[in-house]
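Below is one structure, written out as structure tokens; comments come after it.
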Amino acid sequence: MDRPANQIREVSIERHYLKSSPGSVLYRCGETVVLCTASVSTSLPKWREGSGKGWVTAEYNMLPHSTSARKQRDRGGKVDGRTTEIQRLIGRSLRAVVDLEALGELAVNIDCDVLQADGGTRTASITGGFIALVDAVESALPGSKIGDGPIRDYVAAISSGVIDNTVYLDLDYRLDSAADVDMNIVMTGAGRFVELQGTGEEATFDNDQLTQLLGLGKQGIDQLIGLQKQALQR
């Protein structure tokens, strides 16, 4: 293993990556690269119209050569089960920190396109997608700030896992493929959990390991939120 078990991968955040989007971020986490863009419109889902509340949703896609073997494009609106699960996770995670009533009757759609995958694409999509969300909301509602407007708090996500009885943080593909247990953790800036996805891969884990997985995950998320704050100040 090339880096210490408790160290996150190198992160790069490039805001305003595309001129055509009110919120766009090129998010790099090690060798994983995700382009997160945000769109704002008044076209709400039918069941939301007239409610006085907005909506935040997400779409996720892996481009054909984001992995070494070419991935087939999703066609005709059909997506596989993994893609559906991930985009629902991204949407839930972002909505957790949005006051939909304060947003008004606006719809924000976050598109997360994986340009290069080396593990942690869903967590990178959440962490980068949040920054795109902030920029898009600010463009639609000038003067809104985190904690004083529709966006109530920061949110970020990271993975942790157990490999040969050692707990590791921020798994790349090599670590993830060797993991006995892996977990995806989504948390707010206030330290509240949004979602936990923990799975034993032909293995089990005990309470002490769970505590370590969560503790290391919180440590990593604190660092990621610090990086989000730095990026949004630039």
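Before rounding to the nearest 500, sum -39500 (n - 2.57) across all DSSP H runs of length at least 4 in the chain and divide by the residue total; then give [θ] at 222 nm in deg cm²/dmol.
-10000 deg cm²/dmol
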Points 7 angstrom from Cα along the Cβ direction at L227 and Q116: gap in nanometres?
-> 1.4 nm
Note to self: C-alpha centroids of region 3-35 and region 109-173 sit apart, in Å, by 9 Å
Using Cα pairs under 8 angstrom and six or more residues apart, how large is the relative contact order of the chain, in percent?
-> 21 percent
Taking every pair of Cα atoms in the chain, average 1/r, invert it to obtain the Kirkwood radius, and report Rg/Rh to two decimals.
-> 0.97
So, by mean Cβ neighbours within 10 angstrom, what's the order for 160-170, 201-211, 24-34 with the highest one leading?
-> 24-34, 160-170, 201-211
Assigned charges on the beta-carbon of Lys, Arg, Asp, Glu; the chain dipole about Cα centre (debye) = 840 debye
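Just tell me, in residue order, which DSSP H segments of the chain are both 20 angstrom or longer along the helix axis (alpha-carbon based) and at least -0.5 in mean Kyte-Doolittle hydropathy. List each step's numbers first, then the result.
On the way: long enough: 81-95 (21 Å, -0.76); 121-140 (27 Å, 0.76); 207-233 (39 Å, -0.29).
Span-like helices, by this rule, are 121-140, 207-233.
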For C36, the net charge from surrounding residues (Cβ-Cβ under 11 Å; K, R +1; D, E -1) works out to -4
How long is the gain from D164 to R3 if the chain were fully straight, where each residue apart is worth 0.36 nm and the alpha carbon distance is subtracted?
-> 56.4 nm
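Laboratory data are not the source of any read-out in this text; all were calculated from the coordinates shown. Treat the numbers as computed from the prediction; the structure is a model and nothing was measured. So basically every Cβ, Gly included, is an ideal-geometry build from the backbone, and we count neighbours across all protein chains shown.
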